[in-house]
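A.B. asks: One structure follows; several queries about it will come next.
The values are calculated or read from the model by the stated rules, or taken from the named source; none is laboratory data. Everything quoted here is computed from the prediction, not taken from an experiment. Note: ideal-geometry Cβ built from the backbone for every residue, glycine included; neighbour counts use all protein chains shown.
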């Protein structure tokens with residue numbers, strides 16, 4: 001069998017569609033049409049059941065890196081447990097997972113044409129619409145409120161025995177050694193020096209903030225405008241795959257990093273923070289670390305493009321990597337926090 005990672009985009013997607021059909025046999029969905037939604041890391045399909053119901057099927061990736069590891073069965077199960085708790089404890093709109101016929105929240109599916117078994121989950125379809133160019137301050141204020149309410153719920157959530165989620169932006173010794181090697185290979189010695197300074201500042205910010213429940217806990221970790229949508233004015237968050245233990249500022253920095261090149265950025269930023277502060281405290285001395293967490297996000301995305309360099313759909317990855325290193329250098333040269 002040809003190595004899975006060397007195939008073009010269409011071939012692995014065809015194989016994963018066959019796997020998705022097999023996965024659906026584990027659910028009381030009946031005959032359904034599968035429509036591909038995304039195929040970059042995890043692969044997702046819209047499931048159109050004959051009775052009119054809609055679902056989203058997510059098939060998990062099996063590859064990754066020390067900075068961006070694949071999920072384990074325990075981690076995906078824990079994600080489903082947290083989502084269920086959010087739905088139970090709050091009025092927040094988050095994905096609703098569908099149990100399999102045997103009651104399990106996560107399925108493990110095999111296919112002879114795939115090198116490893118795949119973890120899969122099924123969600124009910126989340127209605128609503130995405131906004132990007134049309135995002136205004138009123139929308140970001142709602143997102144800020146949503147985020148603060150999510151952090152409030154997480155601060156009250158008591159993880160059950162066996163609950164496992166990763167630490168967001170892990171910068172342990174092994175991860176930093178991996179980062180050094182990747183940066184040296186794709187950016188050279190100068191980029192290594194820049195990234196080491198970014199890592200030093202991130203670690204310093206984290207130490208200064210501490211890990212009390214007022215600043216740290218379970219977070220979404222990828223809450224940007226492709227992962228929140230609006231239905232009747234209500235914010236609906238999707239794709240909690242990256243959720244884990246991290247500083248609340250990380251969630252805010254992700255939302256801001258995706259809109260920072262817009263002319264109305266200042267008003268959007270102010271609206272997001274205003275909405276957050278309407279629900280939850282955000283001291284000014286903590287807010288100043290947003291630039292540092294934004295730099296961490298830039299580093300993560302830069303190395304993510306390196307990780308995806310052999311994917312045929314990421315042909316422009318070198319420019320993304322160069323841009324990322326330039327942004328990190330600008331942060332180091334222009335910021336003291």
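A.B. asks: Please go through segment 109-130 and pick out each residue that is surrounded by 14 or more Cβ atoms within 10 Å (Cβ to Cβ) and in contact with a helix residue (DSSP H, G or I) (Cβ under 7 Å, 6 or more places away or on another chain).
C.D. replies: Residues satisfying the conditions are 109, 111, 113, 114, 118, 119, 120, 121.
Conditions (1) part of a loop (DSSP other than H, G, I, E, B); (2) surrounded by fewer than 21 Cβ atoms within 10 Å (Cβ to Cβ), marked per residue:
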position	(1), (2)
259	yes, yes
266	no, yes
270	no, yes
275	no, no
280	yes, yes
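A.B. asks: Given 76, 35, 29, which one is surrounded by 15 or more Cβ atoms within 10 Å (Cβ to Cβ) and more than 14 Å from the chain's Cα centre (by Cα)?
C.D. replies: 29
A.B. asks: Counting only residues that are under 18 Å from the mean Cα position of the chain (by Cα) and farther than 19 Å from residue 77 by Cα, how many does segment 151-161 have?
C.D. replies: Here the count works out to 1.
A.B. asks: Here is a further query. Could you tell me which numbered condition residue 45 fails, if it satisfies all but one of (1) part of a loop (DSSP other than H, G, I, E, B); (2) touching a strand residue (DSSP E or B) at 6+ places or on another chain (Cβ under 9 Å)?
C.D. replies: (1)
A.B. asks: Continuing with this model, one more query. In segment 8-23, which residues are closer than 20 Å to residue 314 by Cβ and either touching a helix residue (DSSP H, G or I) at 6+ places or on another chain (Cβ under 8 Å) or at pLDDT 80 or above (or both)?
C.D. replies: 12, 13, 14, 15, 16
A.B. asks: Evaluate the following for residue 247: is it under 23 Å from residue 291 (Cβ atoms), assigned by TED's automatic domain parsing to the domain that holds residue 216, in contact (Cβ under 8 Å) with a residue 12 or more places away in the chain and crowded, with 21+ Cβ neighbours inside 10 Å?
C.D. replies: yes
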